[in-house]
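Each remark here refers to the structure printed beneath this line.
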Amino acid sequence: MSASDLALIRGDLEAAARRGVELLEGHGDSAALPLRLPKGRVVALGACERHAVAVARESARVDTGGDELSLRMLAGRALDVFVELEVSEGPVADPLEDLLSWLDAGGEFAVRDQVIAAEHDLHLGPLASAARAWSGLDPLWWPRTQASAAVHLAGGAVRCDGRTDVELGGRCSARPSVVVEVKLGRPHQVHLDEVTHYALLVALRDGFAPAAVARWYPGGALADMAVTVDVLHSAALRLADAIGAWAELHAGRPPIERPGAPCSWCPDAGECPSFEPARDPFDPFGDGDPR
Ligand code: SF4
């Protein structure tokens, strides 16, 4: 991938961001700026717009318990922390105590309280054991965890934020740059969308594309994928569509309902006429509670 390929991709995204900003300003809705497109929202908008709107609405209701995570999401957060611990500090000694201490240190007090309440259903031991696969990583790979991969467009009026689970290699290491997402559950198209989105953000952040992105599933092999210009074009199209859709939704367009996997954990599932139970509930441990 050349620098000019990346410049073209950035130019297309800047154009999409400016169109979104102009739409909102034209509707006198500048209060919606900056438009925020975290990774989860970009992927959610591609799956079901109404779901993305519902999640954003519930997340804003901090006083109603709307931030409560499902059991699978709590388990996913625990797995992320165990991998971080293995990569950055060494072996997990006591899964519960180490997890609570990490969440405390990061100011994630609400998540810590939910972990305490759900301790007996979370099965932290197997998650911590699976994360041990990350121990002993060669420091020459220069491993980093939870690195920011934010891209701001239209002078900061559109903000596409993300944090990669693990980054390896890159310029300072003289090894290929690889982005790894830690995933809980069976391989799913949504996971592919997430890693290719990160490939785009990291490419725009660093000025060059990572050599590969990969998904790591507990107990499974690393599923890697080369980052080609087509991969980045596809991710950029998805992001441009998400920017446009989020601006239109803020301007008053009704959200489109697309039933699928997110129906299983959708805040609007009880009232949405398009609700359908997901065929793939991402159920690796047999608990039926999708991440
Ligand atoms: S229930 Fe399904 S179709 Fe309806 S908003 Fe939620 S995810 Fe979309």
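The values are calculated or read from the model by the stated rules, or taken from the named source; none is laboratory data. Keep in mind that this is a model prediction, so the values were computed, not measured. All Cβ positions, even for glycine, are placed from backbone atoms using ideal geometry, and neighbour counts span all protein chains on display.
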Problem - Residue among Ala54, Ala128, Ala78 that is of a type outside the set (Phe, Trp, Tyr), surrounded by 13 or more Cβ atoms within 10 Å (Cβ to Cβ), assigned to a helix (DSSP H, G or I) and touching a residue at least 60 places away in the same chain (Cβ under 8 Å) - result: Ala54
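For segment 246-271, which positions are of a type in the set (A, V, I, L, M) and surrounded by fewer than 21 Cβ atoms within 10 Å (Cβ to Cβ)?
Kept after step one, since they are of a type in the set (A, V, I, L, M), are these residues of segment 246-271: 247, 249, 251, 256, 261, 269.
Passing the criteria: Leu249, Ala251, Ile256, Ala269.
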Completion exercise
Being modelled with pLDDT under 95 and within 22 Å of the chain's Cα centre (by Cα) narrows Glu119, Glu108, Glu49 down to just Glu108
Fill in the blank from the handout: Asp268 fails exactly one of (1) touching a residue at least 60 places away in the same chain (Cβ under 8 Å); (2) within 16 Å of the ligand (Cβ to nearest atom); (3) more than 20 Å from the chain's Cα centre (by Cα); (4) under 24 Å from Ser30 (Cα atoms), namely (4)
